[in-house]
Amino acid sequence: MWHEGYRAVNAVEMHIIPSGAAVMSVTLCVLLWARPGAEDALIAYEDQVLDLVSGHGGRVLQRARSNGAGGQPLEIQLLEFPSAAALDDYMTDGRRVSLSGERDRAIARTQVIDVELMPGPASP
């Protein structure tokens, strides 16, 4: 099931595939705060687990970092999965679960926000 620190999300975006069956994709904004002195460990952990995303049909749309100062998250990610089931498969992947000790040592807090991507403003 869900790793501690994550909360369940609902699918937010509809896609119609050629067969006519609706598939619900899931787009997430993930905010990650490092434990004091564990910034490099957070990055190393995320490097490992984000490598697993594509194996579940997901995509890392964007990955960004701040300096983590002033209560800001150290890392911000935009992830997309083709379905809630694909996200659940990723979350329960044995390779990911086996790294939970590394996660617990590196990550102080995680916030997951269910989002819908919006187009930017039109160019003049």
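Observations on the structure shown:
- Scan of segment 67-81 for residues that are buried (at least 18 other Cβ atoms within 10 Å of the Cβ) and more than 13 Å from the chain's Cα centre (by Cα), ordered by number: P73, L74
- Of all residues in segment 23-42, one or more are of a type outside the set (S, T, N, Q), over 18 Å from A106 (Cα atoms) and over 14 Å from the mean Cα position of the chain (by Cα).
- Filtered by the rule that a residue be polar (S, T, N, Q) and either part of a helix (DSSP H, G or I) or closer than 23 Å to R35 by Cβ (or both), segment 53-90 gives S54, S66, N67, Q72, Q77.
Since every read-out is calculated from the coordinates, none of them should be taken as a lab result. Just so we're clear, the structure is a prediction, and the values are computed from it rather than from any experiment. Cβ coordinates were reconstructed from backbone atoms using ideal geometry, including for glycine residues, and neighbour counts include every protein chain displayed.
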